[in-house]
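**Student:** Here it is: the structure, laid out below.
The values are calculated or read from the model by the stated rules, or taken from the named source; none is laboratory data. This one's a predicted model, so the numbers in the text were calculated from it and none came from an experiment. Glycine gets a Cβ as well: all are built from the backbone with ideal geometry, and neighbour counts include every protein chain shown. Each accessible area value is taken on the protein alone, full model and side chains, heavy atoms only, with ligands, DNA and RNA left out. Shrake-Rupley method; radii C 1.70, N 1.55, O 1.52, S 1.80 Å.
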Amino acid sequence: MLYVYAVLFGFSGALISTAATTLIGNYYGRARFPQIMGMIVVLMYIFLAAGPAFGGAVYDSTGTYTLAFIIMIAFNVVGLLCAFFARPPQPKIAG
C-alpha cells in the first residue's frame, strides 16, 4: 500500500502543479503570470510550513489531532469551492 500511495501522491502532485500554472496563465495572461505565481507560491509555502506546527500545537493542547484535521479539511473544502466557482476574468474592451 505504501508504494501505491507514493505513486498516487507523486502523480497528483505533478498534475496539480501543471494544471495550476496552466490555469493561471490562461486566466490572467503572460503579463500578470509572474506576479500571481509569486504571490501563490509565497502563501503556499507559508501555510505548508505552518501546518505541522499548527497540528502539533493542537495536539499539545487537546491530546488529539482530530481538531487539526477538521480545520485543515475545512480549509481544503473552502479552497475547492473557490476553485470550482472561479470564472475567467473578462477581457477589457478598449474604448
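**Student:** Hey, can you tell me all the residues within the range 22-46 that are touching a residue at least 60 places away in the same chain (Cβ under 8 Å) and surrounded by fewer than 12 Cβ atoms within 10 Å (Cβ to Cβ)? Steps first, answer last, please.
**Tutor:** Our first condition is that a residue be touching a residue at least 60 places away in the same chain (Cβ under 8 Å); within the range 22-46, this holds for 26-28.
Hit for the range 22-46 is Asn26, nothing else.
**Student:** Looking only at the range 47-68, which residues are open to solvent by less than 100 Å² (accessible area, probe 1.4 Å) and within 21 Å of Gly79 (Cα to Cα)?
**Tutor:** From the range 47-68, those open to solvent by less than 100 Å² (accessible area, probe 1.4 Å) are 49-59, 61-64, 66-68; that's our starting set.
Correct list: Ala49, Ala50, Gly51, Pro52, Ala53, Phe54, Gly55, Thr66, Leu67, Ala68.
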